[in-house]
Amino acid sequence: MLKALKLEPEKCTGCLQCEMACSFENTGAFNPAKSRIKVFTFHDEGRFAPYTCTQCDEAWCMHACPVEAIVLNMATGSKDVLSDVCVGCKVCTIACPFGTVNYEADTGKVVKCDLCGGDPWCSKACPTGAITYVSADESGMERMRAWAQQAPRTAGAQPNPPKAKEVQVFNIPQQGGH
Amino acid sequence: MRHVIIGAGPAGVVAAETLRKLDPDGSVTMLSSEPEPPYSRMAIPYYLVEQVGEEGTWLRKGDGYFESNGITVRSGARVSNVDTEAKQLGLEGGDTIPYDKLLIATGSQPVIPPLPGVDREGVHTCWTLEDSRHIIKRATEGARVVLIGAGFIGCIILESLVNRKTRLTVIEQQNRMVPRMMDDRAGGLIKRWCQDKGVTVHTSTTVKSVDEGSDGHPLAVSMDNGESVNADLVIVCVGVKANTQFLDGSGVKTDEGILVDRYLQTSVPDVYAAGDVAQGLDFNTGEYTVQAIQPTAADHGRLAANNMAGYKLKHQGSVNMNVLDTLGLISTSFGLWMGVEGGDSAELYDGDRFRYINLQFQGDVLVGGSSLGMTEHVGVMRGLIQSKVRLGHWKDKLKNDPTRIMEAYIACTQAIGHNARVLTA
C-alpha cells in the first residue's frame, strides 16, 4: 500500500530537526537550506507548518519536464528527479503550484522530496509526531477534513456551526432477540 | 481510429502518449519535419555548452521508446497540405496519410527580420538542433558573436555563448532585456548583470544591416546609433511565429496561431491543435492567445488527446509563465505580471543584490507576479494565481513582505489554524 507523509502543523514546535535530517540524508551535511522539507513560521500566531512535496498523482513537475528527468518511483509513488538527466532548465520549478520543486545553483539541478526511497528521515527525526509516514488514504482524508473545517468564508458570511438537527434513529431488530 | 499528429515537440509527444493510453486499439502516427528523434528545444542551451549530448535533448530517452509503445514516428516528413474533406495529409514528396482525428502541433519557427545582409553566411537562428550544430562550430573561444534580440530565447542562450568564452554583444530594440517577460526594473537589472559579466548590451537600439566585416572577421553588424561591430557569428532571436503555412486552403482558421475552442478543436471537426501553434485560452485574461511555453504545450497535448479519444475535457485556460536563467541570474514571471487596471501591487527591490519580487493583486487574489534572484518556492505564485485563493489579511502581510508567498499559500490553503485541532481532539 502506498504511504505518504502526513503533516500535522498543530503538533510542530519548529525545532527544525526534520530539515537537519533531510539535508544530512540527501547531501551529507547538516544544512537546513538544502532541506527538501521546510518548516514555515507564523510567529505572530505562534504556529509552525512543515511542508513538502505532496507527490501528486498527475504531477505538474513531471509533465512539464522537457527531458523526462522527473519520473514516477513505482515502489513509493514519489516523483523522483534523475539528476544525471536534469539539465537545470527550471521549468518544473514554475510548473509546481505548491512551490516544492526548487533549483539549486551550486549543483545546477532541481531538487524535490523523494520520500528517501520509502524511508523518510524527516518523519523519523520528528520528535512530536508532526510528520508521520502513513497510509496515503488516511493522510488524504484527514487533510481534507481539516481543511474543510477552516475553509475561508466570503466576507461578512457567518460561520456555519453545526445546528441542532433531528436525529433519525432506525430501530434495527436484534438478531436472535427475545 | 487513426490518430495522426503533425509535430513531435512536447505537445505532440504528450498527446501521442495520452492517446496510446486512452485508445489502445487505435493507431497513433507522429510526423516530424526534422530528421532527429523527438527532442526538446528547452534543452538546447545545455547542448550548446556541451553539458549534454544530443541524446540529452531527446524528449524520451529509452531505445525504441516510441516503437515499443505503439507510436509510429516518421522523421523528416514535412506536410505540404491538409485536405480536411477527404481527411488526408499530403507530404512533400507526394505521399498521402489518411486520418480520422488530426492534431496539429507544428509549433513555431523563428522570425527572420527583413534586414539587408541577413542571408549572409554565418548568420543563424537558434531554434533547432541543426542550428545549434552550426553555432557550436562558430562560437569558439574568443570569437566575436552578435546576438540580435534579447527576448526570452536570446537571453537563455546568452549564458551558453558566454560559457563558450565568446566576445558577446547583445542588441535589443526595446528599452530593456526580456521586455515581454519582465518589467523595466527587472529588465534593467538583467542588463546591468550581463554588463558586469563582460557582455556588451545595447538596448533601445535597432540593427540596420549585416555587412561584410573587417580585421579578419567575416561579418559586421550596423546599428542605428551609428556604431558597427565586427562578428564571426550573428544569431538572430527576434521572436517566433506559428507554423501554419501548410494549412492554406484547408479551412482551418488561423489568426496569430490556429484558432481553437475550449476542447482544443479547430474550426474544422476532428482537427485539433496544441502547443505553440495553438491560440488557446489564457487563464488570466480569458482571451485566446499564443503562449508558446513548455507547460502550456504539455497541457494542450494532454487535453487535445483526451478530446480526440472521445473523453471530453474542457480547457480551463493556461497560466502564462516563464523562468529564465541569464548568466546565473534567475528570473520568473507569472500570469498578469504587468498588473491590472484598478489592481494593487506589492514590491521589494534590492538592486545592489539583484533581488526583486513584484506581486499583482485584483482584490485579495493574486493575479500575477515576477521575481529576480529567487529560486525558492517560486512555483507557489502559479498556485496562488491558478487556485484564485482569497488571501484575506494575508494580502496586507504580503504588501509588507512579498517574499512570504509560501507562508501566504500555506496559511490560506492548509489546515494550520485553530480548526486543525479537530484532528487531534
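Key figures
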| read-out | value |
| --- | --- |
| Check on A:V39, among the hydrophobic types (A, V, I, L, M, F, W, C), over 23 Å from A:Y133 (Cα atoms) and within 11 Å of chain B (Cβ to nearest Cβ) | no |
| Pick from the range A:91-117, criterion under 14 Å from the mean Cα position of the chain (by Cα), more than 8 Å from every other protein chain (Cβ to nearest Cβ) and open to solvent by less than 30 Å² (accessible area, probe 1.4 Å), ranking: farthest from A:K38 (Cα to Cα) | A:L115 |
| Qualifying helices (runs of 4 or more DSSP H) (wholly inside the range B:123-230; at least 3 residues being closer than 21 Å to B:R41 by Cβ and without any contact (Cβ under 8 Å) to a residue 24 or more places away in the chain) | B:129-138 |
| Residue check, A:L2 among the aliphatic types (A, V, I, L, M), modelled with pLDDT under 95 and crowded, with 19+ Cβ neighbours inside 10 Å | no |
| Restricting the range B:341-370 to residues that are over 27 Å from the mean Cα position of the chain (by Cα) and within 13 Å of chain A (Cβ to nearest Cβ), the residue that is surrounded by the fewest Cβ atoms within 10 Å (Cβ to Cβ) | B:G363 |
| Selection from the range B:304-319 of residues that are in a loop (DSSP other than H, G, I, E, B) and of a type in the set (S, T, Y) | B:Y311 |
| Any hit, the range B:383-394, residues being of a type in the set (F, W, Y) and away from chain A (no Cβ under 14 Å) | no |
| Within the range B:119-132, considering residues that are open to solvent by less than 30 Å² (accessible area, probe 1.4 Å) and more than 19 Å from the chain's Cα centre (by Cα), the one nearest to B:Q245 (Cα to Cα) | B:V123 |
| Candidate set from the range B:395-410 (those that are facing another protein chain (nearest Cβ under 10 Å) and open to solvent by 20 Å² or more (accessible area, probe 1.4 Å)); member that is farthest from A:T52 (Cα to Cα) | B:K397 |
| Qualifying residue in the range B:318-329 (condition: closer than 26 Å to B:R262 by Cβ and either open to solvent by 20 Å² or more (accessible area, probe 1.4 Å) or away from chain A (no Cβ under 13 Å) (or both)) | yes |
| B:G373 vs. criteria of a type outside the set (A, V, I, L, M) and crowded, with 22+ Cβ neighbours inside 10 Å | no |
| Options B:L22, B:L48; residue that is over 20 Å from the mean Cα position of the chain (by Cα), of a type in the set (A, V, I, L, M) and more than 25 Å from B:F246 (Cβ to Cβ) | B:L22 |
| Qualifying residues in the range B:84-112 (those that are aliphatic (A, V, I, L, M) and either part of a loop (DSSP other than H, G, I, E, B) or modelled with pLDDT under 95 (or both)) - the one most open to solvent (accessible area, probe 1.4 Å) | B:I112 |
| Residue selected from the range A:68-90 under the condition more than 9 Å from chain B (Cβ to nearest Cβ) and among the β-branched types (V, I, T), by the criterion surrounded by the most Cβ atoms within 10 Å (Cβ to Cβ) | A:I70 |
| Failed item, numbered, when B:G286 is tested on (1) in a loop (DSSP other than H, G, I, E, B); (2) not assigned by TED's automatic domain parsing to the domain that holds B:T18 | (2) |
| Positions within the range B:38-83 being open to solvent by 30 Å² or more (accessible area, probe 1.4 Å) and closer than 30 Å to B:G251 by Cβ, in sequence order | B:R41, B:T72, B:V73, B:R74, B:S75, B:G76, B:R78, B:S80, B:N81, B:D83 |
| Matching entry among B:P24, B:P35 (being out of contact with any Gly (no Cβ under 6 Å at 6 or more places or on another chain) and either without any contact (Cβ under 8 Å) to a residue 40 or more places away in the chain or open to solvent by 60 Å² or more (accessible area, probe 1.4 Å) (or both)) | B:P24 |
| Residues located in the range A:47-67, provided they are open to solvent by 50 Å² or more (accessible area, probe 1.4 Å), free of Cβ contacts under 8 Å to residues at least 24 places away in the same chain and within 11 Å of chain B (Cβ to nearest Cβ) | A:E58 |
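The values are calculated or read from the model by the stated rules, or taken from the named source; none is laboratory data. All figures in this text were calculated on a predicted structure; none of them were measured in a lab. Cβ: placed from backbone, ideal geometry, glycine included. Neighbour counts: every protein chain shown. Keep in mind that these areas ignore ligands, DNA and RNA; they rest on the heavy atoms of the full protein, side chains included. Shrake-Rupley method; radii C 1.70, N 1.55, O 1.52, S 1.80 Å.
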